[in-house]
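*Asks:* Please see the structure below; I have some questions.
The values are calculated or read from the model by the stated rules, or taken from the named source; none is laboratory data. Because the structure is predicted, anything quoted here is derived from the model rather than measured. FYI the Cβ positions are ideal-geometry reconstructions off the backbone, even for glycines, and counts take in every protein chain you see.
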């Protein structure tokens, strides 16, 4: 009888586990529930992974952005701009993968789109001939140095309903790593105006990114 009672108890417990009625641990259930809510909240109705924000509206530094879809690296060096280029660094630009997939399917940047831009200094080997270039094994040119900043663009029609194009722009600092953990949106006149006037596709400078243009075809 003892053996039968034991089997019966085990069977009941197993049945409860299968049916989802048993609680192994309150803490584990809470963690699982929280993770589930986070995953749900992170996806928009268009299936795009959205940015994460603090309770005060600051955006959190994106995780794993160097593994996103790389679309290009514009460079406007000081040497070609009178020694005072507005953006003299290499700009490595990445699009969050689910947003890029949506763009490939539709030709439009969806709500929730994130575009990261990491700034990289121009390498100098103390042989720049006064023009910022350097002589390397492949010849004279402009070569990447170190990471010196991180920026993010986010499209969100509900959060930024009053911003041109529903885009907001952020900087986590123009300094070497580690970058700031969070960032506040720039005023519209700081970035949106330039993008509105000159960007080719919905506030995005697709004219500089053949990867983006190819995805439109």
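*Asks:* Select from segment 206-217 the residues that are in contact (Cβ under 8 Å) with a residue 40 or more places away in the chain and buried (at least 17 other Cβ atoms within 10 Å of the Cβ) and list them in ascending order.
*Replies:* Going through segment 206-217, the residues in contact (Cβ under 8 Å) with a residue 40 or more places away in the chain turn out to be 208-212, 215-216.
Once the filter is applied, which keeps residues that are in contact (Cβ under 8 Å) with a residue 40 or more places away in the chain and buried (at least 17 other Cβ atoms within 10 Å of the Cβ), segment 206-217 yields 209, 212, 215.
*Asks:* Kindly evaluate residue 99 against the criterion of being touching a residue at least 12 places away in the same chain (Cβ under 8 Å), buried (at least 16 other Cβ atoms within 10 Å of the Cβ) and under 23 Å from residue 156 (Cβ atoms). Give the derivation first.
*Replies:* Numbers: touching a residue at least 12 places away in the same chain (Cβ under 8 Å): yes; buried (at least 16 other Cβ atoms within 10 Å of the Cβ): yes; under 23 Å from residue 156 (Cβ atoms): yes.
So residue 99 passes the test.
Listed here are the residues, each with its yes/no results for (1) surrounded by fewer than 18 Cβ atoms within 10 Å (Cβ to Cβ); (2) in a strand (DSSP E or B).
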site: 93; (1), (2): no, yes
site: 121; (1), (2): yes, yes
site: 124; (1), (2): yes, no
site: 157; (1), (2): yes, no
site: 170; (1), (2): no, yes
site: 175; (1), (2): yes, no
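*Asks:* Still on this structure: Is one or more of the residues making up segment 176-186 touching a helix residue (DSSP H, G or I) at 6+ places or on another chain (Cβ under 8 Å) and over 25 Å from residue 78 (Cα atoms)?
*Replies:* To start, the set of residues in segment 176-186 that are touching a helix residue (DSSP H, G or I) at 6+ places or on another chain (Cβ under 8 Å) comprises none.
No, segment 176-186 contains no residue that is touching a helix residue (DSSP H, G or I) at 6+ places or on another chain (Cβ under 8 Å) and over 25 Å from residue 78 (Cα atoms).
*Asks:* Being under 15 Å from residue 117 (Cα atoms) and either outside any loop (DSSP other than H, G, I, E, B) or modelled with pLDDT of 95 or more (or both) is the filter here, so list the residues in segment 186-204 that pass it.
*Replies:* 191, 195, 204
*Asks:* Checking residue 196 against (1) surrounded by 15 or more Cβ atoms within 10 Å (Cβ to Cβ); (2) farther than 19 Å from residue 99 by Cβ; (3) in contact with a helix residue (DSSP H, G or I) (Cβ under 7 Å, 6 or more places away or on another chain), which test does it fail?
*Replies:* Every listed condition holds for residue 196 apart from (1).
*Asks:* Considering only residues of segment 59-80 that are assigned to a loop (DSSP other than H, G, I, E, B) and buried (at least 16 other Cβ atoms within 10 Å of the Cβ), which is farthest from the chain's Cα centre (by Cα)? Before you say what the answer is, go through the steps one by one.
*Replies:* Initially, segment 59-80 is screened for residues assigned to a loop (DSSP other than H, G, I, E, B), giving 61-64, 68, 73-74, 76-77.
Right, trim to buried (at least 16 other Cβ atoms within 10 Å of the Cβ) and you get 61-62, 68, 73, 77.
On the way: 61: 8, 62: 5, 68: 7, 73: 15, 77: 25 Å.
Here the answer is 77.
*Asks:* Further question: Residues of segment 109-126 being modelled with pLDDT under 95 and either touching a strand residue (DSSP E or B) at 6+ places or on another chain (Cβ under 7 Å) or at negative phi (or both), which ones?
*Replies:* Let us first name the residues in segment 109-126 that are modelled with pLDDT under 95, namely 121-126.
Within segment 109-126, 121, 122, 123, 124, 125 qualify.
Residues are listed down the side, and each one gets a yes or a no for (1) at pLDDT 90 or above; (2) outside any strand (DSSP E or B); (3) closer than 27 Å to residue 215 by Cα:
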site	(1), (2), (3)
104	yes, yes, yes
128	no, yes, no
140	no, no, no
154	yes, no, yes
162	yes, yes, no
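*Asks:* Kindly indicate which of 27, 22 is more than 21 Å from residue 145 (Cα to Cα) and either assigned to a helix (DSSP H, G or I) or modelled with pLDDT of 95 or more (or both). So that I can check it myself, show each step before the final result.
*Replies:* Values: 22 fails: either assigned to a helix (DSSP H, G or I) or modelled with pLDDT of 95 or more (or both).
Exactly one of 27, 22 is more than 21 Å from residue 145 (Cα to Cα) and either assigned to a helix (DSSP H, G or I) or modelled with pLDDT of 95 or more (or both), namely 27.
*Asks:* Against the condition over 25 Å from residue 184 (Cβ atoms), out of contact with any helix residue (DSSP H, G or I) (no Cβ under 8 Å at 6 or more places or on another chain) and in a loop (DSSP other than H, G, I, E, B), how does residue 83 come out, does it pass? So that I can check it myself, show each step before the final result.
*Replies:* On the way: over 25 Å from residue 184 (Cβ atoms): yes; out of contact with any helix residue (DSSP H, G or I) (no Cβ under 8 Å at 6 or more places or on another chain): yes; in a loop (DSSP other than H, G, I, E, B): yes.
So residue 83 fits the description; yes.
*Asks:* Only one residue in 165, 139, 145 is within 22 Å of residue 216 (Cα to Cα) and either crowded, with 18+ Cβ neighbours inside 10 Å or over 17 Å from the mean Cα position of the chain (by Cα) (or both). Which one? Break it down stepwise before answering.
*Replies:* Numbers: 139 fails: within 22 Å of residue 216 (Cα to Cα); 145 fails: within 22 Å of residue 216 (Cα to Cα).
The match here is 165.
*Asks:* Okay, moving on. Residue 33 fails exactly one of the following numbered conditions: (1) at pLDDT below 50; (2) in contact with a helix residue (DSSP H, G or I) (Cβ under 7 Å, 6 or more places away or on another chain). What is the number of that condition?
*Replies:* Condition not satisfied by residue 33: (2).
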